[in-house]
Amino acid sequence: MVLKEQQQLRKIRKGDLDSFERLFHQYYQGLCGYAQSLLRKPEVAEEVVQDVFYNIWKNREALRIKRSLQSYLYRAAYNNSMMYLRKMRREYFLDDGITTDQAMDSPDPLQVIQLNEVSELIARTLEELPERTREIFHLNRQEGLKYREIADRLSISVKTVEANMGKALKALRNSMEKYEQE
């Protein structure tokens, strides 16, 4: 981590509100844009990012960041966004009086059709990927291996695993965006 970031974090840990506000103003807009790309709702994205900064301030004394501050903030925004989406999915099932098991036992015929379409789209998209990228994706998503384990198994670097996973996820996102537009 850059020396300037380390100094800024030390000041924040000691309760320096000016340093915290500088951090907030430096990253807030970018984090909101990132969260909005994940959540598709500007007001929710702002809440998620505000929660990131609230937690930093609340836990400032215990805050230990070993790598890039920017990476830490974007990872926190990503994690908070995913928690929000999981919470919304759970509430959706609970609000309708449907448990996840019931939803699987008696699915709506339209949902079955859409699920089949999406499954086929994912299979086609993965089939179009280069063999190595497809293999890495399979090892991570189907077998649950971590990037380091995949790298060791295939005798490649972790960076190569990351790059291939990025390609696979980008291809899937692009396919899903086209599907949603239809």
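None of the figures in this text is laboratory data; all of them are computed from the coordinates on show. Just so you know, these numbers come straight off a predicted model, no measurement behind them. Using ideal geometry, Cβ is built from the backbone for each residue, glycine included, and neighbour counts are taken over all protein chains shown.
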With contacts defined as alpha carbon pairs under 8 Å and 6 or more residues apart, what's the relative contact order of region 3-92 in percent?
32 percent
Once phi is turned into θ = phi - 60°, what whole-Hz ³J(HN,Hα) does the Karplus curve with 6.51, -1.76 and 1.60 give for every residue of region 68-84, x standing for Gly and Pro?
5, 4, 4, 4, 4, 5, 5, 5, 5, 5, 4, 4, 5, 5, 5, 4, 4
What is the distance, in nm, between label points placed 7 Å from the Cα along the Cα-to-Cβ direction at residue 61 and at residue 123?
5.7 nm
Set 66/146; 41/146; 4/66; 146/178 screened for pairs whose C-alpha atoms are more than 24 Å apart
41/146; 146/178
What would the Debye formula give as log10 I(q)/I(0) at q = 0.13, 0.17 Å⁻¹ for the alpha-carbon point model of region 16-85, no solvent?
-0.33, -0.57
Given the Cα-Cα distance of residue 75 and residue 17 and 0.36 nm per residue of separation, how much length would full extension add, in nm?
18.6 nm
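Could you tell me how many cubic angstrom of Cα convex hull volume region 107-181 has per residue?
Values: hull volume 6.2 nm³, N = 75.
Cα-based convex hull of region 107-181, divided per residue, equals 83 Å³.
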Under Karplus coefficients 6.51, -1.76 and 1.60, residue-wise ³J(HN,Hα) of region 51-61 in Hz, glycine/proline x
5, 4, 5, 4, 5, 4, 5, 4, 9, 4, 5
